[in-house]
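The values are calculated or read from the model by the stated rules, or taken from the named source; none is laboratory data. Everything numeric here is computed off the predicted structure, so don't read it as measured data. All Cβ positions, glycine included, derive from the backbone under ideal geometry; neighbour counts span all protein chains shown. Only protein heavy atoms, including side chains, enter the accessible area calculation; ligands, DNA and RNA are left aside. Shrake-Rupley method; radii C 1.70, N 1.55, O 1.52, S 1.80 Å.
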Amino acid sequence: FPVTIALFTRAWVSETLSSSGDDEGLIFVSCDIGYFNSCGLNLLRSLGRIGSSVSVVVHIMDCPQSEQVAVIELARSLSGRFVVAFENCQKWYVDGLEKRVFYHWFRFIRMRELGRNTSRWVWMVDADSLFRNDPGPLLQVAKSSDIAVRGRPCRLHPWNQLNAAFWGAAPSGPGAAFLDGVCGYLASAHNDGRARWGVETLIVTGKQIG
């Protein structure tokens, strides 16, 4: 995997995120600007209507500077704690890898980095999700585990029974080791040219079963 520039460094964390609170962890939303405009806006608005106390880190890939101000202004206008980070990832579309495949799996790399440098649980939420209630109480209960994932046992396909649409991992111990393993498999799939649509859900499911 090509050497990546650290984004969520300890310096970034200390300058951007409050050192107090966030007992439930951080909600992490990561996508490209196109998907953010079509789906992520509504996700943020749903959290804003609730006024949740859970901090939300929004990671937007390949957002033109002309659109960044509007995103920041939206985050500031909402009730809640929102932090926005932009990243140019175009230099990593290698070996014919489709952009949307890259966007889906690369967010795990940043999730791992964010958890390590904040020492907090990180909950990845798909940008096309919506919240009807404050997620704080649910996230607080789930923290008694090393990892927590949304289960849908009525789905026929195993990759839909346990998927990567809403899940979290502890920043240390077995939770951190699990996420390290997921990121290792993803990097290997990328390097070998095996990264395909849905690869992240297959790997998360396989790691849980294994």
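Using a 1.4 angstrom probe and counting only protein chains, how large is the accessible area of ASP146 in Å², to 10? Looks like 80 Å² after rounding.
For ASN133 and GLN68, a Förster radius of 22 Å and the Cβ-Cβ distance give a FRET efficiency of 0.15, rounded to the nearest 0.05.
Near the amide H of PHE82, within less than 5 Å, lie the amide hydrogens of VAL56, all on another chain or at least 5 residues away, with H placed in the peptide plane. Taking θ as phi - 60° and the Karplus parameters 6.51, -1.76 and 1.60, the scalar couplings of region 75-91 work out to 4, 5, 7, 8, 7, x, 10, 10, 10, 10, 10, 10, 8, 8, 10, 4, 6 Hz in sequence order, x denoting glycine and proline. Distance from the alpha carbon centroid of region 115-129 to that of region 43-89 works out to 14 angstrom. Near ARG150, the amide H atoms lying under 5 Å from its own belong to ASN163, PHE166; only residues 5 or more places off or on other chains count, and H is placed 1.01 Å from N.
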